[in-house]
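Please read the structure below before turning to the comments.
Throughout, read-outs are computed from the coordinates displayed, never taken from laboratory work. Source: prediction; values computed, not measured. Cβ atoms come from the backbone with ideal geometry, glycine included; neighbour counts cover every protein chain shown.
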Amino acid sequence: MPPTDASADTGTESASETRGGLDPDSGPDSEDTLELRLPDDLIALFTASSAAPGVPSEGEVDHGRAPAPGDGSHSAWSAPAPHGTPEPHYREHRDDLLDHVASWGPAVTSAGAFRLEPVRTDRDLPLLTRWMNDPAVAAFWELDGPPSITEAHLRPQLDGDGRSVPCLGLLDGTPMSYWEIYRADLDPLARHYPARPHDTGIHLLVGGVAHRGRGLGTTLLRAVADLVLDHRPSCARVIAEPDLRNTPSVAAFLSAGFRFAAEVELGDKRAALMVRDRALRALL
């Protein structure tokens with residue numbers, strides 16, 4: 001399970017916030033019930049992996065191109081490549097489990113136009129490494145150190161089957177946050193709560209100090225949850241699990257329309273299970 005905290009804010013915040021469905025035939029509701037049948041997507045994955053030996057497994061590594069020189073500043077971040085020009089290791093099939101995050105487009109927020117851009121290590125590794133070495137972020141993500149540590153965290157997602165997509169968050173074109181959009185029902189997290197097919201999780205950190213303490217965490221959490229629900233019709237719930245110690249993060253989720261569902265023990269932390277329900281979307 002990936003680290004679970006990064007920075008979200010409600011005005012006063014830590015720098016680090018969280019690393020945050022029903023079966024379509026059952027109808028959307030907010031009741032937590034245990035789904036005993038294996039999700040169809042998971043069954044399909046097993047079938048595909050046995051039938052297509054040329055498709056890499058989640059643990060295979062393709063190092064791709066070396067990171068471009070840069071100090072992690074915004075000026076080192078170039079304009080994103082067109083969505084039809086992925087990194088060499090970015091498989092066509094990898095986004096299927098999350099309904100093509102790269103094509104979701106922007107969300108209009110009170111802070112500006114926000115969109116998710118899938119990470120490219122050749123372009124983004126210096127910036128992400130710099131963010132991970134911010135002490136306020138490192139306290140929860142525990143990925144401080146040389147670029148190789150950050151890359152080792154990204155690589156299984158980039159080379160995997162698409163159940164987790166690491167993204168930069170761009171506000172009016174400026175990269176200012178890091179997100180992981182992932183299938184919570186296919187994640188180890190599903191062992192710790194009554195998961196439903198197509199539950200979608202989000203993890204977040206706000207990277208730039210200038211973007212903290214302004215309420216952006218709440219604004220962006222709501223925007224990204226809306227993007228998930230808009231573009232993943234089979235998903236009835238957006239899930240997150242911030243560290244209970246990170247009270248600004250938990251408060252930001254509550255302000256963004258999530259409800260507190262339970263406390264869960266995840267081994268390395270005790271987390272607040274936060275849920276945003278499609279059925280309650282217009283009310284919270």
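Using a simple spin-label model with points 7 Å from Cα along the Cα→Cβ vector, what separation in nm is obtained for Thr247 and Arg270?
About 1.5 nm, to one decimal.
Can you give me the three principal axis dimensions of the stretch 194-235 from its C-alpha atoms, in Å, biggest first?
For the stretch 194-235, the Cα spread along each principal axis is 37, 21, 13 Å.
Semi-axes, largest first, in whole Å: what does sqrt of 5 times each Cα gyration tensor eigenvalue give for the stretch 175-253?
Details: eigenvalues 106, 45, 21 Å².
Its equivalent ellipsoid spans semi-axes of 23, 15, 10 Å.
Taking the Cα atoms of the stretch 111-166, report the difference between the largest and smallest coordinate on each principal axis, in whole Å and largest first.
Projected onto the principal axes, the Cα atoms of the stretch 111-166 cover 33, 27, 21 Å.
Could you check the spin-label model distance between Ser103 and Asp172? Points 7 Å from the Cα along Cα→Cβ, value in nm.
3.1 nm
Taking every pair of Cα atoms in the stretch 103-242, average 1/r, invert it to obtain the Kirkwood radius, and report Rg/Rh to two decimals. Working shown, then result.
Working: Rg = 14.7 Å, Rh = 15.6 Å.
That ratio equals 0.94.
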